Structure formats: C-alpha cells, structure tokens
Amino acid sequence: MTFDPTKIRADFPIFAAQVRNGRELVYLDNGATTQKPGVVIDAERDFYSTEYGTVHRGIYHLSAVATAQYEAARETVADFINARLTKEIIFTRGATESINLVARTFGDRFIGKGDEIILSEFEHHSNMVPWLMLQERTGARLVYVRSTPDWRLDMIDLRSKFSSRTKLVAITGMSNVLGTINDIDGICQLAHEHGARVLMDGAQLVPHFGFDVRGTDCDFLAFSSHKMLGPTGVGVLYMKQEIGVEIPPYQGGGDMIENVRYDGFTTNELPYKFEAGTPNIAGVIAFAKAIEYLQGLGMENIIAHESELTEYALDRLLSTEGFELYGPKTPKHRGALFSFNYKDIHSHDVASILDFANIAVRAGHHCAQPLMQRLGVNSTARASFYVYNQKEEIDILLESLKQCERFLKHAVG
Amino acid sequence: MQLDDLYREVIVDHYNRPRNFGRPEKWDIMVEGKNPVCGDEIAIYLTVKDDIVSECHFDGKGCSISIASASVMTESLIGKSLDEVRLVLADFNQLLRGEVCQRCEQYSDAIAFQGVTKFPVRVKCALLAWKTLEGAIPDSGTHQA
Ligand SMILES: Cc1ncc(COP(=O)(O)O)c(C=O)c1O
C-alpha cells in the first residue's frame, strides 16, 4: 500500500466537518491530541449499540463478549509494543495516570529517603510532578540531566549522574516541547548497568515511532490513546512482570482483589491487580482499532512520512526571517513537532491569528514551565504533525504567520 | 466574527506603545499576577495620595491583549478614588462578560475590549491586569450592584 496523506485525511470525519470560511482545517496540534478516524468512532458506537456489557463479571453472553473484546485489545497493545506477556499491559486513564501509578506503587515501595530519581530538564509536568510528590512523601531526591546546546539529552552528563542511590530513570522518549528524541537504548543500558529501573514517558514517542519494550529492555512505559488516534480516557502502562508482582496495588476496589474479608484482602493477579473498578471498556476496544489502523498504515511508513515532513519543515522554517525554533535544528533524532516564536509576537496572538486561517496550533508553556525558563521565554507556539498532515500545510502555516505582523503592527506610526 | 474585532486599532496601539509602562522609582502598592496557562506575568505599581490613585504603572510580559488591557487600565485609574477604582474594576469585568456597560465609555479605551468577548479563550488575557489589581484593592465591604 502506498502512503497517501490525502486518502488518510479522508478517513477522518473532522476534516469535512471543519471547513471554515472556505478554508480547510490545518490541524497542527497533534502533540496535544490527535483526530479520530471513522473506524475508531464506529468501534465505540458499535460496541455501545450492539454488544455492550461489563467485563470480568457477568456470566451472561454480553459480558462474555465485552470481556473477550477488552482482553483482545490488551493483546493488540502487547503486540504493538512487543511485550513478552499480555499481563504486562495495564489499562489506565492516560499517560499521566500511568506515571502516577508507578510513583505511588513502585516509588513508595522502593524509592525512600535519599534515594535518587534521574530526570531530564525537558519532562512534561506529568513526568515531574508525580516525582516531586514522591519527594514530599518519602524524601527521595530528583536529579536532572543537562541538555546539550542543541537541546539533546547530554549522555555524558547522564552517565555522571548515577550513584549508588539511583533507583529510577524517568525520562521522556520524545520531548513535547523540543521534539528531541532520546537515545532510549543507551538510557536503558546505562540505567541497568547501575542497577536502576527505567520509566519511559512514551506519550509523544509511541504514537509516531512505535516502541519495542523487549528490544530496549525498558521497565515501565507510559502512553495515551488519545495522542494516537484513539479515544480520550484510555492509557497504557507497560510494567515488567517481575516488578508488578513485587509492588503493592495502586487503587483499591473491584477487580483488583482476589479475596476480601472484613479484616483484610488479597490482591488479584496481574494485570488486574492494578485495574481497580470498571474500566473504560468502550474506549479500550476503540483504542485497539486505532492501533490496528496505525498498523494498517505501517509504522515504518509513518516514520518515513514524518521524517519527510520534518526535513521539509526545518528547511522552510529555519529560512524564514524572524522564526525562532526551540529544539534540535537537524532532522536526525527529532520528531515532527516544532516549538517556535515569531518576531516578538506573543504565541497567543500567533495562535489566534492562525486560528482565523483555520490552522490549529498550540500556544503556551506546554506543561513544561521549568523548561520555558531554561529557554528564556514565557511561552511558545507549537506546530506538531501526524499521519494526515502534508507538506502544503507547512506552506500554509508560513503564509499565515506573515499575516500576524499585518494585524499587530499596523497601528505603529 | 472578524479578527479585527479582537485586534481593534486602539488595542494594537496600546500594545505597540503601552502607556505607563515600566517600574517607577517608588510606589505605595505593588501586586504581581500571573496567568498560569500561558505564563504571562504582570506587576502593577500604584501611588495613592489621600485615597486617590495619583500614579499607576505596570510592567511584565504578555500577549497583545493582556498588555493593551493593562495599559488601558492604568490610564483609567489615575485620578480615581479607591471606591471609584472598585467601580471601574466591576464595570470592566461586566464588559468582559459581554454585558452592556455604559460607564465603560469613560474609561480610557476600555470599550475597545468589548470585541474580545467574541474570543472566549482570550478573555483571560484581557482580565489579567484587572484581576491582579483586585488583589491589591481591599474590599470596601459594600456590595457593588
Ligand atoms: C511528553 C508527555 N508526557 C505526558 C503527557 C500526558 O499525557 P495525558 O495528558 O494524556 O495523560 C503528555 C501530554 O501532553 C506529554 O506530551
């Protein structure tokens, strides 16, 4: 199958629905969340319309069908990230909850006073605040790895940050601000040499590059369905079995228990031990459809498509006068995600003016306030791409950017 | 809806040439505010003599709407008593809720911000300076209608 973004675009009903003032939607906020193809929307509707029931409880037909679909989705995810065991896949509400789960269970059990967690300077708040909270609870210490001048993780500095107290490296696969892709294999190898575990925040990386948990040997991987064509409210935590059996449960409730007495309980087996309560059944089933859709396109084709977009975008953006890019300026080891400011114009104004041309970009601090300070800015605009985006949209973006000046400078005498 | 409703000429003018911008030598009241969503920051400096605002300055970083709004605010407060300041604050809030505000015509170029209500995500920008000031003006105890 050839990879044809125009055809792919036609699979997403939003693009037909959102033509404004005769202008097609240029959706460039994929780093925040992605649009949904018809197959995903249908999957959720069909499930509710024809086969809805709860999971793991009912003896009746509907519940059996729902359970089978829900567990089949778990297999789809396991297969997608090459997990050894299906029970290493835990469904959560999103990457944020996945990371909080690890902090509350693994963190509380194994990361005590004076123990250290290594992070990068460019983590999303959801891979910082759970560790800051752990720091408050247990007295663990956070250690930050420096970035190189071209905004990559300084691997030499990382090496120097390990100590006998290092328990965990919690690091993003790809920065949601800089677009930087980290050397995952190198990080996992270094961590394991030092006896530390690795949590990969895959929220940005996984949708665009896939992931091989066995190949990288990472211990935890967190990602969100909604950033990879699936519904909101569904996320994944991959956790190695050997860790899962050793740590306490996360939330208490139905499904996570084996036996409950008035004076105690025993926990269920993996992965149910970490899935208390009725899950987002329809969301999980539709998420599996999103993964199948991505697999249908072929992850290698998606990678090639986005790398082409990245090269073209860097070429055009960096040659635009007044365009300030924050992040690596070469296409290698970076994703199709570009944070920028344009000619002293505040990112909110940029986003408002682009919105008028039906171009959706993000503006703000992108849940990375400390990084914004490092960059020396209060906010940036961000354009991030995915399977349905095309080179022409980069041209449209640049054309419309030039309009910003017209709106904001015309009153100057 | 037009983009010109947001970027009215007076607003752009206040943005490009903000009035009363910069930290003064001295002041009686200083407040700082921040919009956590976008990182915009502002500081407001008031000099109050005999219950009258004799000077009002601001500095900070922000988008066109937040800077222009702060500029207009400083202009509209100078010469007012603290009671009048409370009234101006309430009036501007009312304007930004999309309600009619007759008195707003009298407050510098405040009325230009009416168009911002058509852009709900930008209302917060327009209110940053005003919300910040609210924190510095003690409640009078009486309820504004
Ligand atoms: C790098 C990164 N980590 C974590 C998250 C949190 O994902 P969610 O909000 O889906 O839980 C995001 C989302 O913006 C992200 O970009």
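Could you list, in sequence order, all residues of the stretch B:1-19 that are over 17 Å from B:Pro120 (Cβ atoms), at the interface with chain A (Cβ under 7 Å from one of its Cβ atoms) and not in a helix (DSSP H, G or I)? Scanning the stretch B:1-19 gives no hits.
The set of residues in the stretch A:100-137 being more than 20 Å from A:Tyr238 (Cβ to Cβ), in a helix (DSSP H, G or I) and touching a residue at least 40 places away in the same chain (Cβ under 8 Å) consists of A:His125 alone. Counting the residues of the stretch A:81-117 that are more than 11 Å from the ligand (Cβ to nearest atom), hydrophobic (A, V, I, L, M, F, W, C) and within 26 Å of A:Thr180 (Cα to Cα) gives 6.
Residue pairs whose Cβ atoms lie under 7 Å apart, separated by 6 or more positions or on different chains, with the first residue in the stretch A:300-314 and farther than 18 Å from A:Asp212 by Cα and the second of a type in the set (S, T, N, Q), are A:Leu309/A:Asn389. Do we have A:Arg334 as away from the ligand (no atom under 16 Å from the Cβ), in contact with a helix residue (DSSP H, G or I) (Cβ under 9 Å, 6 or more places away or on another chain) and either of a type in the set (Lys, Arg) or at pLDDT below 95 (or both) here? No. Need pairs with beta-carbon distance below 7 Å; first residue of a type in the set (Ser, Thr, Tyr) and within the stretch A:175-187, second part of a helix (DSSP H, G or I); sequence gap 6+ or separate chains. Going by the 7 Å Cβ cut-off, there are no qualifying pairs.
Candidates A:Ser379, A:Ser384: the one that is within 13 Å of chain B (Cβ to nearest Cβ), surrounded by 20 or more Cβ atoms within 10 Å (Cβ to Cβ) and not charged (D, E, K, R) is A:Ser379. Within the stretch A:118-143, the set of residues being within 16 Å of the ligand (Cβ to nearest atom) and either small (Gly, Ala, Ser) or closer than 30 Å to A:Thr330 by Cβ (or both) comprises A:Leu119, A:Ser120, A:Glu121, A:Phe122, A:Glu123, A:His124, A:His125, A:Ser126, A:Asn127, A:Met128.
Among the residues making up the stretch A:387-413, those that are surrounded by fewer than 20 Cβ atoms within 10 Å (Cβ to Cβ) and more than 30 Å from B:Arg17 (Cβ to Cβ) are A:Gln390, A:Lys391, A:Glu392, A:Asp395, A:Ile396.
Filtered by the rule that a residue be without any contact (Cβ under 8 Å) to a residue 60 or more places away in the chain and either part of a helix (DSSP H, G or I) or within 16 Å of the ligand (Cβ to nearest atom) (or both), the stretch A:43-58 gives A:Arg45, A:Asp46, A:Ser49, A:Thr50, A:Glu51.
Being at pLDDT 90 or above, within 30 Å of A:His125 (Cα to Cα) and not polar (S, T, N, Q) is the requirement here; does B:Ile44 meet it? So B:Ile44 passes the test.
State yes or no: is A:Glu97 in a helix (DSSP H, G or I), charged (D, E, K, R) and over 30 Å from A:Phe385 (Cβ atoms)? In short, no.
Only a single criterion out of (1) over 19 Å from the mean Cα position of the chain (by Cα); (2) crowded, with 20+ Cβ neighbours inside 10 Å is not satisfied by A:Gly283, namely (1).
Just checking, which of A:Tyr326, A:Tyr342 is out of contact with any His (no Cβ under 8 Å at 6 or more places or on another chain), within 14 Å of chain B (Cβ to nearest Cβ), more than 30 Å from A:Asn21 (Cβ to Cβ) and crowded, with 16+ Cβ neighbours inside 10 Å?
The match here is A:Tyr326.
Here's the yes/no breakdown for (1) more than 17 Å from A:Thr172 (Cβ to Cβ); (2) crowded, with 18+ Cβ neighbours inside 10 Å:
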position: A:Glu97; (1), (2): no, yes
position: A:Phe122; (1), (2): no, yes
position: A:Ser126; (1), (2): no, yes
position: A:Gly139; (1), (2): yes, no
position: A:Val143; (1), (2): no, no
position: A:Pro149; (1), (2): yes, no
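Within the stretch A:345-365, restricting attention to residues that are within 11 Å of chain B (Cβ to nearest Cβ) and β-branched (Val, Ile, Thr), the residue that is surrounded by the fewest Cβ atoms within 10 Å (Cβ to Cβ) is A:Ile345. Filtering the stretch A:138-154 to residues that are farther than 24 Å from A:His208 by Cβ and either aromatic (Phe, Trp, Tyr) or assigned to a helix (DSSP H, G or I) (or both) leaves A:Thr138, A:Tyr144. On the given criteria, is A:His61 away from every other protein chain (no Cβ under 14 Å), more than 16 Å from the ligand (Cβ to nearest atom), on the phi > 0 side of the Ramachandran plot and not β-branched (Val, Ile, Thr)? No: the conditions fail for A:His61. What are the residues in the stretch B:11-30 that are surrounded by 18 or more Cβ atoms within 10 Å (Cβ to Cβ) and β-branched (Val, Ile, Thr), if any? Residues satisfying the conditions are B:Ile11, B:Val12.
The values are calculated or read from the model by the stated rules, or taken from the named source; none is laboratory data. Note that the coordinates shown come from a computational prediction; the quantities given were computed from them, not determined experimentally. With ideal geometry, Cβ positions are generated from the backbone for all residues, glycine too; neighbour counts draw on all protein chains shown.
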